[in-house]
Amino acid sequence: MYSKEDLENLKLKAILYLHSQRGQYSGYQECSVIYRNKSSSYFNNIMRSGRRGGNGIMATYIKDNNGDPQCPINNNLDGLFFSCNTDFDTGMPPEHSPFGEKRLCIDAYEMLFADDHTIYFSDFYCFDHGKKTHYVTIVVTSLGTYADEFCQQHLGKNLNPTNNPFIFCCQVSNTVHVSCGVWVEILFTDDVDIRYLMQQELAYFEDCESTGYSKPNGLPKNAYCHHCNLEDSDYSDTESCSDSDDSDNYYSWR
């Protein structure tokens with residue numbers, strides 16, 4: 001498992017990677033919602049009332065092995081994954097999803113920054129698919145919870161919510177901005193009351209075209225990318241990801 005020093009070095013590699021990006025991948029986009037794609041049956045079960053339903057509460061569950069196998073949160077933290085990157089042309093979530101045909105969208109500022117939340121960097125990785133898309137995992141915790149104490153102990157210093165390279169808020173305009181150079185994933189460590197958020201007009205469902213579903217236990221990172229592997233890790237650090245333009249497939253993989 002990575003130490004806090006290892007994670008600080010991995011975060012530095014992520015920042016250097018962002019600095020190397022050019023064109024549309026070098027800036028930031030406003031992110032109005034964070035979103036979570038799953039099957040219709042997944043959300044139907046959550047919204048169902050009674051003993052056999054979730055009564056509108058989307059409960060957290062254990063983080064799988066997706067990404068770097070040495071990431072401290074793997075199999076140690078419960079959470080719910082949300083995406084936040086948007087389509088370059090529309091500024092909205094992409095039309096397609098590899099995780100399911102039903103999408104829950106939640107106001108990004110209210111969900112991530114309006115309450116007493118803390119954000120931490122936890123992972124930087126890519127997949128061995130011949131693409132150059134890289135991913136950063138941000139953990140969002142509530143102060144005083146087990147998840148927050150775990151992150152303080154294992155992930156190190158939290159990120160400044162108004163000034164960090166990955167996702168930040170502007171408290172004057174109550175807006176959220178996300179990097180275009182990496183795919184930023186949010187692991188939200190509290191249960192989510194969907195019914196309450198919908199009553200407050202902070203959440204809604206929409207349909208999208210699904211290209212697949214989540215993989216059991218996640219996908220392993222590319223062990224040979226020099227951008228996102230530490231030199232002293234257990235992996236060989238001899239190859240780079242393909243630098244071919246994969247903008248058409250930017251949203252294909254988590």
>> Taking θ = phi - 60°, what integer Hz values does the Karplus form 6.51 cos²θ - 1.76 cosθ + 1.60 yield along segment 81-91, in sequence order, with x for Gly and Pro?
In response: 8, 10, 9, 9, 5, 10, 5, 4, 7, 9, x
>> Can you give the FRET efficiency to the nearest 0.05 for Ser26 and Gln199, using r as the Cβ-Cβ distance and R₀ = 25 Å?
In response: 0.05
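With every protein chain kept in place and ligands, DNA and RNA left out, what is the accessible area per residue of segment 126-193? Probe 1.4 Å, answer in Å².
For segment 126-193, the per-residue accessible area is 38 Å².
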> Taking every pair of alpha-carbon atoms in segment 120-209, what share in percent sits in each 10 Å bin, from 0 to the bin with the longest distance?
Replying inline: 14, 34, 39, 13, 0
>> Given the -39500 (n - 2.57) contribution per DSSP H run of 4+ residues, what per-residue ellipticity at 222 nm results for the chain, rounded to the nearest 500 deg cm²/dmol?
In response: -5000 deg cm²/dmol
>> Need one word for the chain: rounded, prolate or oblate. Basis is the Cα gyration tensor (sqrt eigenvalues a ≥ b ≥ c); a/c below 1.5 gives rounded, then a/b vs b/c decides.
In response: rounded
> How big is the accessible area of Asp116 in square angstrom, nearest 10, if you roll a 1.4 angstrom probe over the protein chains?
Replying inline: 100 Å²
> With the Cα gyration tensor of segment 16-134 giving a ≥ b ≥ c as the square roots of its eigenvalues, does the rule (a/c under 1.5 for rounded; else a/b larger than b/c for prolate; else oblate) give rounded, prolate or oblate?
Replying inline: prolate
> Given Lys38/Lys157; Lys13/Lys221; Lys4/Lys221, which pairs have Cα atoms separated by over 24 Å?
Replying inline: Lys38/Lys157
> Can you list residues whose amide H is under 5 Å from Lys63's amide H, if they're 5+ apart or on another chain and H is modeled 1.01 Å from N?
Replying inline: Asn75, Asn76, Leu77, Asp78, Gly79
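Calculate what fraction, in whole %, of the accessible area of the chain sits on carbon and sulfur atoms when a 1.4 Å probe is rolled over the protein chains.
C and S atoms contribute 46 percent here.
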> Could you give the radius of gyration (one decimal) and Dmax (whole number) of the Cα atoms in segment 51-115, in Å?
Replying inline: 14.8, 44
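The values are calculated or read from the model by the stated rules, or taken from the named source; none is laboratory data. On a predicted model such as this, the values are computed, not experimentally measured, just so you know. All Cβ positions, glycine included, derive from the backbone under ideal geometry; neighbour counts span all protein chains shown. These area figures cover heavy atoms from the full protein model, side chains too; ligands, DNA and RNA do not enter into them. Shrake-Rupley method; radii C 1.70, N 1.55, O 1.52, S 1.80 Å.
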